[in-house]
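First up is the structure itself, then whatever we jot down about it.
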């Protein structure tokens, strides 16, 4: 009996009544119900309790339009003006950036690394980079600058002092302060990983 009580306490009956079990798990519960009246009674009680829950009220017809009107500005494609490029962030649009940068080529080339500075002010430096080899950067503190990456093409693997994370096109990430990091190109079908690097002066 203790084993049966333990079985009933697992929450499997509630999941069965809600239809959240796999076919094999549901068949197991049905078999238990056929063999044990207590299981069958628990199922009946659970179904009766669920039947007493009120149905969700229908949303007002005008609510859908209000939501769509609110979201409309956020659903528009991002416009990238390279004469005054925006800062990158986790909601940046990789497709918009790739379109804007289609004709842009590097003007800085080193072994395994190429880049072009898009914006440079006292507060921010924004560059597009093409990385075909490993990029090793020493740690920098938060009171120097904050560094962020936005991947546009390909993929990379980042080693943050032993913590390995992989990023692909559309991914944005901040470099943790005081952390030595190694960024490695792991693109398939491309000789490089392409992305934006942003360094913002600490406030």
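List of remarks:
- Helix-only mean residue ellipticity at 222 nm for the chain, each DSSP H run of n ≥ 4 adding -39500 (n - 2.57), per residue, nearest 500: -9500 deg cm²/dmol
- In the elastic network of the chain, a GNM with C-alpha springs shorter than 10 Å, the most mobile of 43, 80, 183 is 43.
- Nearest 10 degrees, 0 to 90: helix 23-35 Cα axis against the chain principal axis: 20
- Ranked by the mean number of other Cβ atoms within 10 Å per residue, highest first, peptides 91-101, 30-40 order as 91-101, 30-40.
- Normalised by residue number, the volume inside the convex hull of the Cα atoms of region 89-129 is 99 Å³ per residue.
- Choice from 27, 103, 155 showing the highest fluctuation, given a GNM over the chain with Cα pairs closer than 10 Å: 27
- When the square roots of the Cα gyration tensor eigenvalues are ordered a ≥ b ≥ c, the ratio a/c for region 94-201 is 1.5 or more and a/b does not exceed b/c, which makes its shape oblate.
- Å³ per residue enclosed by the Cα convex hull of the chain: 248
- Springs between Cα atoms under 10 Å define the GNM used for the chain, and in it the highest mean-square fluctuation of 162, 170, 51 occurs at 51.
- FRET efficiency for residue 119 and residue 76, using Cβ-Cβ distance with R0 set to 22 Å, rounded to 0.05: 0.50
- Shape call, region 2-51: gyration tensor on alpha carbons, a/c limit 1.5: rounded
- Computed label-point distance, nm, for sites residue 14 and residue 138 using a 7 Å Cα→Cβ extension: 5.6
- Compared with the dominant principal axis of the Cα atoms in the chain, helix 61-75 is inclined by about 30°.
Read the figures in this text as sums done on the coordinates, not as results from a lab. None of these values were measured; they are calculated from a predicted model. Please note: Cβ atoms are built from the backbone with ideal geometry, for glycine as well, and neighbour counts cover all protein chains shown.
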